[in-house]
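Participant: Before I ask anything, here is the structure I am working with.
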Amino acid sequence: MAACENFLQTCDPSLTPVAANRSGTFTSRIAIDSSGQVGSFYDAYNDRVLSDSNKIAAEKRTASKKRPECIWQSVNDDKPYNLLKQMNMNDEQRLNIALQMTEPSGIGALINYTGRIDKYTRFLRYTYYSRTDYLPDNLFNSLNRTELQRADAQATHMIVLVNWGIGAVAVLQLPSDDQQTRGIEYALQKICNSLSDDCSKLKLSNEDEAFLKKIYCTKVFSNISKLTEINSIIEFHDNIQLLKSNGDSLRPYNYNLYPIENFYTTHSELQFKLIELPTSSILKIESYLLPFILKFNRLKKNMYQDFQNVRQHLKNEHKNILTRWEDSKKMYELEIDRIRKLLEAFRRDRSDDKAFRQDLQRDKTENLSYILSNDIEDVEKMMSKESLIKSLLIEEFIYTNAKDRGVEKKDDIQTLERKLLKDVGCVRLICSNDNLYAKNQTQWCKHREQMLKERKGNKNIQLVYADFSYCSYELNEFITLSRTEETKTVTTPPPKKKLTLQKATCDESINILLLGESGVGKSTFINALVNYLKFDNLMQATKNLTVLIPVSFTIAMGDNFTEHAIKHDGEDTVSNEDHHDLGKSITQHCKSYVFTLQDGRNRGQKLRIIDTPGIGDTQGLNQDDKNMQHVLSWINNLTHLNAICILLKPNNSRHTVFFRSCFTQLIDMLGESICDRIIFCFTNARSTFYTPGDTGPLLKALLNSLPAKRIPFSKENTFCFDSESFRYLVAKLNRIKFNSMEEADYNGSWEKSMTELNRLIGYIHSNMSDPIILNDSHSAKHAQLMINSMIRPMLEAMRNTLRNIILLNERWHKTCIELCPKIIKGTTAICLECPRKRIKICDFWVATDGLHVVQNKCRTCQCDPSQHYRIDYELEYKEIENSAKPTEEDMRKVLHNLCEASAEFSYFLLQSAGNSQHDPFLLGFERMIKEENDICDEKTPYEFNLHLVEQLQLLKTHYEKANKKLATKKMITELDVIYQKIENVNKHRIIDLQMNAIRQWHKYMIKYYEYEVST
């Protein structure tokens, strides 16, 4: 036994070559860098394989004769948990990872684990050696101390043995229930037994599977990247079996190293030795490092959360958090660097252990750990605040920071009412703070329900949550304030009333859609607009310029035209802009900017400018079409529209083909009544003396070429602006100096633009105050949008109906599967390439949606964008008692109706949109069939899924025949018939549930991409 302990484990327990020796100067390493092979040079200072490989062709290779090992273990939560030490990682290697001297990958990434570790945490460890490559004894002895070619100067060792295979650690967080824990542990032992027995047939009872599903967090660390994507312990078991059968996918697990000085005659200028710290010193360093490394990683993870609402409503508080994060990060990096330098000095024999320990005593880790703890607490509060604001917005509350409304400690109730209810209409407002909200949830819920109930009875009531957390006023109980158009009252708990910021109801606000070619300056126009509204003159704006949208441009100054790059961050930090790709539309998503007008008769009215992606994008017509469809879909979910503003440059020598298509599609969707609502605004008009310039004749010709020749283009609905005064102000912020003549020129530009803005607002009030109600739209384009939104609900309804027909025939009416659409908050997609989690329900394996975050591109994976399809709700599944007991005939009838409607909708899309290349319904059928086939390839038992594949194939054939029949008849589909068909399909509960989730998603996204501008 003792002899075996002197050798590194290999794939053959009887294999004990010299290269496997653990005694003396040999040292082993887990293969964090998996590029190594026998003969490779290794830098043990930084635990990396050097690129100057010294591959030895005469290596020996031994196949596996060793059984895999799999155990699970619980946690001793009485002391800090050193995860890498528990995985038996070499002391020096742990230190290199902790001090960031090597990239923590594979099992080494455990150091970045930030999840909870307590009595309900379990670690499942699996090790499998598939083969061992090693330096043969005869070659080993012949190389020893031989004068060889000079090695890499950074090399300290040579790899003399490589164990290939699988090393994995699954961190499992169990529910905080001792009885459930015992059941889970029993099932885990079955998995361990199966994995230790070369994946013998795993026999899990239904109860075992139910217990394992209660594990609510599974995180895998492994040298095999595929395993790290898994979040189910059953999937972990199944994938191990697949990986073992495919040797090509296995990677090095660990190395045995031998000092390079024993192979190479050392020249005096080369330092090959690595002096290792005593174990006691390493443990001391780790006792310093690990607590604040864990805290730093937790803080880092939390800082990458999306604080969109906090950024908008709590700018100063968010800015303070960011500043403190940067300070803490710098302190952390300096302390890591200090200890790293101490270690390097010792390893290179420039310091002894005693001096090292003394230097370590002077560390600042205790102070740093305290700072990080405070930062984590503050960021977690910010995360809770983000969640609160999101939940308020979903219920259509307005969130306001009482500090921004001037609330102070000395204020009485009457003063609060004056500050919070100033210039508002019909409002219910509740005063709260973080402490009250956290400790009085029952009371808060009662207030909220009462407020929602009041608004249900009166749609004009605005609901407002006034947050007192950041002001000096001491709020000890909820206070509600209310105001109607005629009177206002105040009460104290237990109140039933509330407040609102001035936010006009939908029929009071003015909604203007802003369209223009890429690069025309829509974002700069909006930036200038807010300053025109906010300041009376250029001098006022100079003192307190507002920059909503990030701005970036170059300006040439002086006699030599020296170029200066000008940049300025924007107040609105939602990821809506792309400043990195010249010629590409900067705005990537529709977004609303809401201004409150302050002048005379318009005072208090809301002006909503809807910014849109640009037309004529350098990505081509296909991207233009996508952008336009996005715009049409966006306005389709607004309540009304007052005007469409076309933004143009005055000296444009051409208009793109798609610009013409833009007019056509708008008229197709909104009808010819929109023609009188189109206005034209010209940017950079100072160069053409505030006229349309050369663009005017081209625009007239374009308008006359449209089928609807009723779009006016005259002085009355044309407005010429110059945004150079805004750029001048931004340049001034960047310390660019201008002469008096230039400043006078920019001042004139400001005055002229202000005059045009006042004329524009007056024109809209006089001619466009009555909005177009978008819900009344009845057009081919509107029908296309509705059908496109129904494709996924219809396809999933048909697939699930087939599942339930199969269950009805196989399970004698007992249970069925119900679709449960879940509202998602953000732009997401399903990737067709990335693996998706499979869950089992009613004997069917179902692929969960596996949402990827998409913001201009996928933020979750690197797969090609064409392999993603966008979704606007997530599907979950529930097994329910089949109490209604629908007959197979009933379900077949639903299936037939949906399939026939799909064919009719597809034919209509082909007729009205000319969509001849891709049939979205057919693509959907093919995608579902592929998903089910993939499940059959990966999961067992798969009989029910195989039956579903057969049924989907039949349904697809039925669909294709119905489609072909319609195409043969060449009938013109009446619009009224399509609308009636849409209405009939939406009556199905299974469709209606999904469509409601889509509507809620659109509602959320419009709120998410809306920024209320302080004017």
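Participant: Among (1) closer than 26 Å to ILE336 by Cβ; (2) at pLDDT below 85; (3) open to solvent by less than 10 Å² (accessible area, probe 1.4 Å); (4) not acidic (Asp, Glu), there is one condition ILE293 misses while meeting the rest; what is its number?
Facilitator: Every listed condition holds for ILE293 apart from (2).
Participant: Pick out the one residue from PRO692, PRO707, PRO712 that is surrounded by 21 or more Cβ atoms within 10 Å (Cβ to Cβ) and in a loop (DSSP other than H, G, I, E, B).
Facilitator: PRO692
Participant: Of LEU475, LEU514, which residue is modelled with pLDDT of 75 or more and not in a loop (DSSP other than H, G, I, E, B)?
Facilitator: So the residue among LEU475, LEU514 that is modelled with pLDDT of 75 or more and not in a loop (DSSP other than H, G, I, E, B) is LEU514.
Participant: Oh, and also: If I go through segment 748-784 residue by residue, how many of them are among the hydroxyl-bearing types (Ser, Thr, Tyr) and in a helix (DSSP H, G or I)?
Facilitator: The number of residues fulfilling the criteria is 5.
Participant: Still on this structure, I have one more. Does ASN945 satisfy the condition of being under 30 Å from GLN241 (Cβ atoms), polar (S, T, N, Q), surrounded by 13 or more Cβ atoms within 10 Å (Cβ to Cβ) and in contact with a Cys (Cβ under 8 Å, 6 or more places away or on another chain)?
Facilitator: Yes; evaluated as a whole, the condition is true for this residue.
Participant: Determine, yes or no, whether VAL985 is open to solvent by less than 60 Å² (accessible area, probe 1.4 Å), over 30 Å from SER387 (Cβ atoms) and either in a helix (DSSP H, G or I) or free of Cβ contacts under 8 Å to residues at least 60 places away in the same chain (or both). Give the steps one after another, and end with the answer.
Facilitator: Details: open to solvent by less than 60 Å² (accessible area, probe 1.4 Å): yes; over 30 Å from SER387 (Cβ atoms): yes; either in a helix (DSSP H, G or I) or free of Cβ contacts under 8 Å to residues at least 60 places away in the same chain (or both): yes.
When the stated conditions are applied, VAL985 passes them.
Participant: Those residues that are in a helix (DSSP H, G or I) and surrounded by 15 or more Cβ atoms within 10 Å (Cβ to Cβ), I need them from segment 202-228; list them, please.
Facilitator: Hits for segment 202-228 are ASP208, PHE211, LEU212, LEU227, THR228.
Participant: Further question: Look through segment 676-689, keep the residues that are within 15 Å of LEU515 (Cβ to Cβ) and in contact with a Phe, Trp or Tyr (Cβ under 9 Å, 6 or more places away or on another chain), and return whichever of them is surrounded by the most Cβ atoms within 10 Å (Cβ to Cβ).
Facilitator: PHE682
Participant: Looking at (1) at pLDDT 75 or above; (2) open to solvent by 60 Å² or more (accessible area, probe 1.4 Å); (3) among the polar types (S, T, N, Q), which one does SER575 not meet, given that it meets all the others?
Facilitator: Result: SER575 fails condition (1) only.
Participant: Continuing with the same structure: Which of the numbered conditions does ASP849 fail, given that it passes all the others? Conditions: (1) buried (at least 16 other Cβ atoms within 10 Å of the Cβ); (2) among the acidic types (Asp, Glu); (3) touching a residue at least 40 places away in the same chain (Cβ under 8 Å).
Facilitator: Status for ASP849: all satisfied but (3).
Participant: Take the conditions part of a loop (DSSP other than H, G, I, E, B) and over 41 Å from the mean Cα position of the chain (by Cα) and apply them to ARG735. Does it pass?
Facilitator: Working: part of a loop (DSSP other than H, G, I, E, B): yes; over 41 Å from the mean Cα position of the chain (by Cα): no.
No; evaluated as a whole, the condition is false for this residue.
Participant: Checking the condition modelled with pLDDT under 85, surrounded by fewer than 20 Cβ atoms within 10 Å (Cβ to Cβ), part of a helix (DSSP H, G or I) and in the same structural domain as LEU172 (by the TED database), which residue from ASP248, ASP238 passes?
Facilitator: None of the other options fit; the residue is ASP248.
Participant: All but one of (1) assigned to a helix (DSSP H, G or I); (2) exposed (fewer than 15 other Cβ atoms within 10 Å of the Cβ) hold for ILE791, so report the exception by its number.
Facilitator: Condition (2) is where ILE791 drops out.
Participant: Go through ILE871, ILE880 for me and flag whichever is in contact with a strand residue (DSSP E or B) (Cβ under 9 Å, 6 or more places away or on another chain), closer than 27 Å to ASN809 by Cα, open to solvent by less than 70 Å² (accessible area, probe 1.4 Å) and among the β-branched types (Val, Ile, Thr). Show your work before the answer.
Facilitator: Working: ILE871 fails: closer than 27 Å to ASN809 by Cα.
The unique qualifying residue is ILE880.
Participant: Just need a number here: residues in segment 535-572 that are within 19 Å of GLN312 (Cβ to Cβ), open to solvent by 20 Å² or more (accessible area, probe 1.4 Å), at pLDDT below 85 and touching a strand residue (DSSP E or B) at 6+ places or on another chain (Cβ under 7 Å).
Facilitator: Residues in segment 535-572 being within 19 Å of GLN312 (Cβ to Cβ), open to solvent by 20 Å² or more (accessible area, probe 1.4 Å), at pLDDT below 85 and touching a strand residue (DSSP E or B) at 6+ places or on another chain (Cβ under 7 Å): 1 in total.
Participant: Next question, about the same structure. Any residue in segment 403-425 that is at pLDDT below 90 and either among the hydroxyl-bearing types (Ser, Thr, Tyr) or assigned to a strand (DSSP E or B) (or both)?
Facilitator: Among the residues of segment 403-425, not one is at pLDDT below 90 and either among the hydroxyl-bearing types (Ser, Thr, Tyr) or assigned to a strand (DSSP E or B) (or both), which makes the answer no.
Participant: Applying the selection to segment 533-555, what residues are over 22 Å from LEU597 (Cβ atoms) and outside any helix (DSSP H, G or I)?
Facilitator: Within segment 533-555, PRO550, VAL551, SER552, PHE553, THR554, ILE555 meet the criteria.
Participant: Shifting gears a bit: For GLU185, which of the numbered conditions (1) acidic (Asp, Glu); (2) without any contact (Cβ under 8 Å) to a residue 24 or more places away in the chain; (3) surrounded by 14 or more Cβ atoms within 10 Å (Cβ to Cβ) fails to hold?
Facilitator: Every listed condition holds for GLU185 apart from (2).
Participant: Do we have any residue at all in segment 877-889 that's of a type in the set (Ser, Thr, Tyr) and at pLDDT 90 or above?
Facilitator: The first filter runs over segment 877-889 and keeps only residues of a type in the set (Ser, Thr, Tyr), leaving 877, 883, 887.
Add one more test, that the residue is at pLDDT 90 or above, and what stays is 877.
Checked against the condition, which is being of a type in the set (Ser, Thr, Tyr) and at pLDDT 90 or above, segment 877-889 yields at least one hit.
Participant: Further question on the same structure: Hey, can you tell me all the residues within segment 149-182 that are among the aliphatic types (A, V, I, L, M) and open to solvent by 10 Å² or more (accessible area, probe 1.4 Å)?
Facilitator: Matches in segment 149-182: ALA153 only.
Participant: Looking at segment 115-132, is at least one residue within 22 Å of SER35 (Cβ to Cβ), open to solvent by less than 30 Å² (accessible area, probe 1.4 Å) and out of contact with any strand residue (DSSP E or B) (no Cβ under 7 Å at 6 or more places or on another chain)?
Facilitator: Scanning segment 115-132, I find no residue that is within 22 Å of SER35 (Cβ to Cβ), open to solvent by less than 30 Å² (accessible area, probe 1.4 Å) and out of contact with any strand residue (DSSP E or B) (no Cβ under 7 Å at 6 or more places or on another chain), so the answer is no.
Participant: OK, next. Residues being open to solvent by less than 70 Å² (accessible area, probe 1.4 Å) and on the phi < 0 side of the Ramachandran plot: count how many of those fall in segment 406-416.
Facilitator: Final tally of qualifying residues: 5.
Per-residue answers, yes or no, for (1) closer than 27 Å to MET786 by Cα; (2) modelled with pLDDT of 90 or more; (3) assigned by the TED database to the domain that holds ASN788:
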| position | (1), (2), (3) |
| --- | --- |
| MET891 | yes, yes, yes |
| PHE905 | yes, yes, yes |
| PHE908 | yes, yes, yes |
| GLN911 | yes, no, yes |
| GLN917 | yes, no, yes |
| PRO920 | yes, yes, yes |
| THR940 | no, no, yes |
| LEU952 | yes, yes, yes |
| LYS956 | yes, yes, yes |
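Participant: Looking at SER74, SER28, SER34, SER64, can you tell me which residue is at pLDDT 90 or above and of a type in the set (Gly, Ala, Ser)?
Facilitator: SER28
A quick yes/no check of all residues on (1) over 20 Å from VAL846 (Cα atoms); (2) at pLDDT 90 or above:
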| site | (1), (2) |
| --- | --- |
| GLU943 | no, no |
| LYS981 | yes, yes |
| ASN996 | yes, yes |
| THR1015 | yes, no |
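Participant: Which numbered condition trips up GLU796, out of (1) open to solvent by less than 20 Å² (accessible area, probe 1.4 Å); (2) part of a loop (DSSP other than H, G, I, E, B); (3) acidic (Asp, Glu)?
Facilitator: (2)
Participant: Since PRO865 meets every condition but one in (1) out of contact with any helix residue (DSSP H, G or I) (no Cβ under 8 Å at 6 or more places or on another chain); (2) in contact (Cβ under 8 Å) with a residue 12 or more places away in the chain; (3) within 25 Å of ASP306 (Cα to Cα), which condition does it not meet?
Facilitator: (2)
Participant: Hey, GLN855 hits all of (1) in contact (Cβ under 8 Å) with a residue 60 or more places away in the chain; (2) closer than 20 Å to VAL985 by Cα; (3) surrounded by fewer than 19 Cβ atoms within 10 Å (Cβ to Cβ) but one; which does it fall short on?
Facilitator: Only one criterion in (1) in contact (Cβ under 8 Å) with a residue 60 or more places away in the chain; (2) closer than 20 Å to VAL985 by Cα; (3) surrounded by fewer than 19 Cβ atoms within 10 Å (Cβ to Cβ) is unmet by GLN855, namely (2).
The values are calculated or read from the model by the stated rules, or taken from the named source; none is laboratory data. None of the values given here were measured: they were computed from a predicted structure. Reconstructed Cβ throughout: ideal geometry from the backbone, glycine too, with neighbour counts over all protein chains shown. The accessibility values were calculated without ligands, DNA or RNA, using every heavy atom of the protein model including side chains. Shrake-Rupley method; radii C 1.70, N 1.55, O 1.52, S 1.80 Å.
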